[in-house]
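Quick notes on the structure that follows.
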Amino acid sequence: RGGLARRWAELEKLQAEEKLTCDQIARLFEMCSRVPSVDSGGPRSPSADLTEPPLSTKLVQLFSNFVCERIPELTPEQIRIFTVALTSQALPMDEFWLFMLAKRVQDTAAAFNAEQIVVIARRYAEKGLEDEEFFQALVDRVTASPQDFSPEQLAHFLLSCAKVRYMHEELCTMAFPLFEDRSRVSGMRAGTLSAAITAASLMDQRAFRPTACCHALASMAQAPRGVFDHHEFAMGLVLAAATFCHSAGIIKHLMPLLLAHLDKALAAVRMNRNSRREVGTMHRRIMLMGLCAALDVPRSHSWPLPLMHSLGSTLARLEEKLGSAAGGSAKDAYEPTPSSFHLEVVAVLRLLSVEHSLEQPRKPFCLDIVISPEQLLRSASLEVAQEQVRLG
C-alpha cells in the first residue's frame with residue numbers, strides 16, 4: 001500500500017508512455033486484491049487536496065480505458081484477475097470495465113476453465129450484477145462439460161446463479177442430485193454442503209432431499225463456524241424448512257446447531273456499525289424461523305418444543321444485543337429500497353384518493369403499503385359523498 005503511494009508518479013509516467021503491458025497491470029491488480037485497502041488508513045495532512053480522489057480510485061481510472069480497449073487480447077486468467085480485483089474491497093467497482101469483461105467471458109466461455117468460471121460467477125453474483133445472457137453463457141459452459149466441475153465448484157456455481165435469480169432447469173436436474181447421495185456428500189466440506197442447501201432453497205427446489213447434507217454437517221467433529229456465521233445460510237435454512245417437501249432433517253439436525261452457535265457468538269461479539277448490521281440481519285432470519293415454528297410451517301408438529309424454546313431464547317438475546325447497541329431500542333436500522341412497482345401502486349392510490357400508509361414495519365417484514373379498515377372506510381365514505389354531489 002505504502003509502496004504504491006510512493007511510486008505513484010513513476011507509475012503514471014510509465015502508463016502515459018504505454019510501457020506497461022496488460023499482464024503487468026493484471027499482476028498489479030492481483031496484488032491490490034489481496035489487501036483490505038490500497039488507500040492510506042491514516043488522517044490526511046492539512047495540506048492535502050481534499051478534492052483529490054483516493055489512491056484506489058486513481059488506480060482504476062488510470063488503467064480503465066487502456067485495458068478496456070484491449071479486452072480481446074486478455075487471457076482468461078487475466079480476465080479472472082481483473083474481475084476479482086474490481087469486485088474486491090480494495091478497489092472501487094468500475095461497472096463499465098466489468099461490463100466489458102462480462103461480454104468477453106460471454107463470447108468466449110468455452111476458453112475458461114472450471115475454477116475461472118466459478119470465481120467469475122461468484123464475484124458478479126456477490127455484487128448483484130445481473131445479466132441473463134452472461135449467466136446463460138456460464139451455464140452453457142457448465143452443462144456442456146459437467147465432468148470438468150467438482151461437486152464443490154457446482155455447489156458454489158449454483159449458489160451464484162441463485163443469488164441473481166437465474167435458474168436453469170437442466171443445470172438443476174444435473175447438479176442437485178449429487179448432494180442427495182450420502183456416499184457422495186460424506187467427504188464434502190461444510191461450505192460446499194451449505195452452498196448446496198442454500199442454492200436449492202433460493203431456487204425453490206422443493207423436491208430436493210437435504211437429509212444427506214444435514215447428516216454430514218451435523219456429524220462433523222466441530223461445528224462448522226464459518227458456515228453458521230453466514231446469514232445467507234440462515235436464510236437458506238428458513239426457506240428450506242418452510243418449503244422443502246423433505247425438511248425434517250433441516251429442522252432436526254441443523255436448526256439446533258445454528259442456534260447453539262449463535263448463542264456462543266453473541267456472547268463474544270462487540271457491537272459496532274458492521275456487527276450491528278450483521279446482528280440485525282440474523283435477527284430477521286431467526287424471527288422468520290420463529291414465525292414458521294409458531295404457525296406450524298411446513299406442517300403440524302414439525303418443530304419440537306425444546307427447539308421452539310431455543311428459538312425464543314436466541315431471539316431474545318439478539319434483541320437484547322441490538323437494544324444495547326441502540327441505547328435500549330432494538331429498532332432495526334435496515335430500510336428496504338422501494339421497488340418501481342411499489343411506487344406505481346402508490347401513484348395510482350393517490351390518483352384514486354385512497355388513504356394508505358407506507359413502509360409499515362411488521363417484524364421481520366416491512367410492508368410497502370397498508371390500507372387499514374379505517375382508511376378503507378373513510379375512502380368508501382368519500383366516494384359515496386362524491387357520488388351524491390354528482391347526482392345532486
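Structure values in brief
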{"item": "Positive dipole terminus of the chain, leading residue within Cys22, Val346, Ser313 (C-beta point charges)", "result": "Ser313"}
{"item": "Local net charge near Val84, Cβ-Cβ under 14 Å (Lys/Arg +1, Asp/Glu -1)", "result": "+1"}
{"item": "Total charge dipole magnitude, the chain, about the Cα centre, Cβ charges on Lys, Arg, Asp, Glu only, Debye to nearest 20", "result": "1420"}
{"item": "Label-to-label distance, nm, for residues given as Leu305 and Glu320 (7 Å Cα→Cβ offset)", "result": "2.4"}
{"item": "Sites matching trypsin sites (Lys or Arg not before Pro) across the stretch 53-129 that sit in DSSP coil, with at most 16 neighbouring C-beta atoms within 10 Å", "result": "Arg70, Lys127"}
{"item": "At most 15 other Cβ within 10 Å, DSSP loop - trypsin sites (Lys or Arg not before Pro), the stretch 276-311", "result": "Arg299"}
{"item": "Separation in nanometres of the label points that stand 7 Å from Cα toward Cβ, at Thr75 and Gln136", "result": "3.1"}
{"item": "Ser313/Arg362 FRET efficiency (R0 30 Å; Cβ-Cβ; nearest 0.05)", "result": "0.85"}
{"item": "The chain: calculated mean residue ellipticity at 222 nm from DSSP helix runs of at least 4, using -39500 (n - 2.57)", "result": "-19000 deg cm²/dmol"}
{"item": "Heavy-atom accessible surface of the chain: percent carbon and sulfur, 1.4 Å", "result": "54"}
{"item": "Among the listed pairs Lys19/Lys58; Lys13/Lys127; Lys127/Lys264; Lys58/Lys163; Lys58/Lys103; Lys103/Lys127, those beyond 27 Å (Cα-Cα)", "result": "Lys13/Lys127; Lys127/Lys264; Lys58/Lys163"}
{"item": "Dipole of the stretch 78-228, positive direction: furthest Cα of Pro151, Ala137, Ala110, with charges on the beta-carbon", "result": "Pro151"}
{"item": "Most fluctuating residue given options Glu69, Glu133, Glu30, as computed from a GNM of the chain linking Cα atoms under 10 Å", "result": "Glu69"}
{"item": "Relative contact order of the chain, pairs being alpha-carbon contacts under 8 Å that are 6 or more residues apart, as %", "result": "8"}
{"item": "Normalised alpha carbon radius of gyration of the chain [divisor 2.2 N^0.38 Å]", "result": "1.21"}
{"item": "Lys/Arg +1, Asp/Glu -1 at C-beta; the chain dipole; positive extreme among Ser88, Ala267, Pro72", "result": "Ala267"}
{"item": "Test item: Cα-centred dipole of the stretch 35-177, Lys/Arg +1 and Asp/Glu -1 on Cβ, debye", "result": "300"}
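The values are calculated or read from the model by the stated rules, or taken from the named source; none is laboratory data. Remember, predicted model here, so these are calculated numbers, not experimental data. So basically every Cβ, Gly included, is an ideal-geometry build from the backbone, and we count neighbours across all protein chains shown. For accessibility, only protein heavy atoms count, side chains too; no ligands or nucleic acids. Shrake-Rupley method; radii C 1.70, N 1.55, O 1.52, S 1.80 Å.
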